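The values are calculated or read from the model by the stated rules, or taken from the named source; none is laboratory data. Please read these numbers as outputs of a predicted model, since none were measured by experiment. Cβ coordinates were reconstructed from backbone atoms using ideal geometry, including for glycine residues, and neighbour counts include every protein chain displayed. The protein model used for the area step is the full one, side chains on, heavy atoms only, and it has no ligands, DNA or RNA in it. Shrake-Rupley method; radii C 1.70, N 1.55, O 1.52, S 1.80 Å.
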Amino acid sequence: MTGNRDSRTAVDKALALLGAFGKEAESGVGVSELARRTDLSKSTAFRVLGMLERNGAVERAGSNYRLGPLLTELTAPVLLPEVEEVRDVLTPFLAHLYERTRQTVHLAMLDGTDVVYLNKLHGLHQVPSPSRIGGRIPAYCTAVGKVLLSHDPELIEQVLGGELPQWTPNTVTDPGQVRNELAHIRRSGIAFDREEIRMGLNCVAAPVLSATGTPVAALSVSGPTQHFDPRSQADALREVCVKASQAYAARHRMLRRSRLPS
């Protein structure tokens, strides 16, 4: 704020910052831009954001900030029945994947150009991660997101036509490179995230497919770079995803039969 002294209280400033994220609540906004939107000095915005971060109301997204787990949990939507079905059918396979790897494992689906995490089991070697149950992350910089994106050409063009923020120095943001990587993932059936969403965190993901071969969700294994080579778990991940795909297809065959007239 320029000119007169800013008479707003700390609570006023915090609420102004939280309201300034707008449509970028998930992808993140930089300190300078948030300061501009709220008419605060950059130093004041940085200080208040630090307070909000300590309380879980915001979190770091690379060099930006986004709304944190405190607000996400308060505003989490009720799951649609079809999403609940995916979670219920596939969670036992997530547990099996954890038993085989003893690393942090995720179950996620696409929602627009983001991935939404339906379930997560923490491994023995934990590293700070932006993923959380009910949370959303842009698909292009996560292993689960990339493996799901690779099957949807229209969605790929939508992602590449928008902004690709760099979450870490390793985040791939060149549209041509992203397109080539997604083409390779489609052929191989497996995707990697090598410190692209958080430094110190590696991940590998594979899709769970419907009977028609379209992905309904993805499973992933992640761990800290100093303890975890994602390639070492690729075979176990593929095997579990094949069984999960078979179970999901069998569930739908059973549901179709139950709806047939007697």
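Could you name every one of the strands (runs of 3 or more DSSP E) located completely within the stretch 168-262 that has at least 3 residues being more than 16 Å from Ala139 (Cβ to Cβ)? The strands (runs of 3 or more DSSP E) meeting that bar are 201-209, 215-224.
Scanning the stretch 32-66 for residues that are within 22 Å of the chain's Cα centre (by Cα) and among the β-branched types (Val, Ile, Thr) gives a single hit, Val58. Scanning the stretch 105-124 for residues that are within 18 Å of Pro165 (Cα to Cα) and hydroxyl-bearing (Ser, Thr, Tyr) turns up just one, Thr113. Applying the criterion of at least 3 residues that are open to solvent by less than 20 Å² (accessible area, probe 1.4 Å) and at pLDDT below 85 to the strands (runs of 3 or more DSSP E) found wholly in the stretch 36-139 leaves an empty list. Here His227 does not fit the description of being under 17 Å from Met109 (Cβ atoms) and open to solvent by 40 Å² or more (accessible area, probe 1.4 Å). For Gly189, the requirement of being open to solvent by 20 Å² or more (accessible area, probe 1.4 Å) and more than 22 Å from Gly30 (Cβ to Cβ) is met. For beta carbons closer than 7 Å, sequence separation of 6+ or different chains, a first residue in the stretch 166-183 that is open to solvent by less than 50 Å² (accessible area, probe 1.4 Å) and a second that is of a type in the set (Asp, Glu) and at pLDDT below 95, the qualifying pairs are Trp167/Glu196; Thr168/Glu195; Thr168/Glu196; Thr171/Glu196; Val172/Glu196. Between Ala236, Ala206, the distinction of being open to solvent by less than 30 Å² (accessible area, probe 1.4 Å), of a type in the set (A, V, I, L, M, F, W, C) and modelled with pLDDT of 95 or more belongs to Ala206 only.
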